[in-house]
Amino acid sequence: MMVSPLLPIMVPTITGIRTYVSSREVLLSEKYKITVNIRRDDKDQILRVGLQIFQRNTIESLKMARFHVNFEDEFGSDHGGLSREYFFLFAKYLFEGENSFIKFDKTLGYYRFKTSLPEPKEIFAILGKIIGFYTFKSMPIGVPFVPSFYKILLDIPLKATDYENDDPQTYLNLISLKGMRDSELDGMELYFPNNKERKVTIENVDDYINENAIYLMHGFAETEFSIIKDNFKQFVKTNKWNPTSLKKLLTGEMDYANIKRVLQNSVRLDKYDKSDSTIKHLFRFNILELPPYPTYKVLKQKIDIAIEFAHHYGFI
């Protein structure tokens, strides 16, 4: 089982991070241009380099940055496709395995934040920058966060009923408290999450349900969510988004009703120079065009990548 690289940077000393910069892996050749030399099969390197990109660069630098990615021992020239491919791999591996702040709910199919979150808080600033950057660049992360998280990112006030989408069973258990007698509630020894001295009674049970639902979505990590949101909002104009559209982008769901817009905004290369071995990403409807690859092995490798990408973005 792979362990997330986010774990080592949870300790205050941030072991191994500050001494990272390697001229071979990341070259800052000119202002706002970042060249990355990476091995496709080295997950640790992909993750380490990605975390450094987000940790060491300001938000304005990330918004202005022009990335040029080279996958070692592969044919290819980055006209935008290889950079997106790298960030696709980075996001894919980022949440793979175990880490200290988020877990996957197999029953509901969501990633949710753990109720006991680690120090230092720097990791949440990095996470906010990552989510904001992917949104700014219109790139999916491929991670389905718990539904209320999209409202938190967009600074939309939460309602107790929102928790029904996050955890239907727990929400049903909360609602069931309304039907209990005062003696039953008294025996359960329930207290308000933000006031441990205020006991739940038949008179205040509605207030408790509302407050506890909000707490379970946001209140348990209010500081951490604020850090994530503040960094995210520096990339994104939140009034241009709603929770559904943001979820579709970040998870990679394809909105087939807007396929015309997708096609119009895609670069279309109808011809290529057979003497040019540069790999180009061709977008054609129901047609697959390939430049002349030098060997069958290279052809198979690129086809495998195309299939993985198409599946992730919802095309197959």
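No value in this document is a laboratory result; all are computed from the given coordinates. Because the structure is a prediction, the values reported are computed rather than measured. Ideal geometry is used to build each Cβ from the backbone, glycine not excepted, and the neighbour counts take in all protein chains shown.
Brief remarks on what is shown
- This ranking places Lys302, Lys33 by how few other beta-carbon atoms lie within 10 Å of each, fewest first, which gives Lys33, Lys302.
- In terms of the mean number of neighbouring beta-carbon atoms within 10 Å, the peptides 180-187, 227-234, 107-114 order highest first as 227-234, 107-114, 180-187.
- Taking label positions 7 Å along the Cα-Cβ direction at both Asp206 and Met180, the computed distance is 1.8 nm, reported to one decimal.
- A DSSP coil position with no more than 14 other Cβ atoms inside 10 Å describes the following trypsin sites (Lys or Arg not before Pro) in the range 50-111: Lys106.
- Shown in residue order for the range 183-197 are the 3J(HN,Hα) couplings computed by the Karplus curve 6.51 cos²θ - 1.76 cosθ + 1.60 at θ = phi - 60°: 5, 5, 4, 4, x, 7, 6, 8, 10, 5, x, 9, 8, 5, 9 Hz (x for Gly and Pro).
- In this structure the amide hydrogen of His79, modeled in the peptide plane, comes within under 5 Å of no amide hydrogen from residues 5 or more places off or on another chain.
- Put simply, the amide H of Lys33, placed in the peptide plane, has neighbours under 5 Å in Arg66, leaving out anything fewer than 5 places away on its chain.
- In this structure, the residue pairs whose Cα-Cα separation is over 23 Å, taken from Lys121/Lys247; Lys159/Lys233; Lys43/Lys233; Lys63/Lys240, are Lys121/Lys247; Lys43/Lys233.
- In this structure, the amide hydrogen of Arg39, modeled 1.01 Å from its nitrogen in the peptide plane, lies closer than 5 angstrom to those of Glu72, counting only residues at least 5 positions away or on a different chain.
- Table column - 3J(HN,Hα) (Hz), the range 53-67, Karplus curve with 6.51, -1.76, 1.60, x for Gly and Pro: 4, 7, 7, 8, 9, 6, 5, 5, 5, 5, 5, 8, 4, 10, 8
- Scattering curve values for the range 122-261, log₁₀ I(q)/I(0), Debye with Cα scatterers, q = 0.10, 0.12 Å⁻¹: -0.44, -0.59
- Spatially proximal lysines relative to Lys300 (Cα-Cα < 16 Å; intrachain offsets below 8 disregarded): Lys280
- Extending 7 Å from Cα along the Cβ direction at Leu172 and again at Thr35 yields two label points whose distance is 5.9 nm.
- Residues of the range 139-156 with amide N under 17 Å of a point placed 7 Å along Cα→Cβ from Asp105: 143-153
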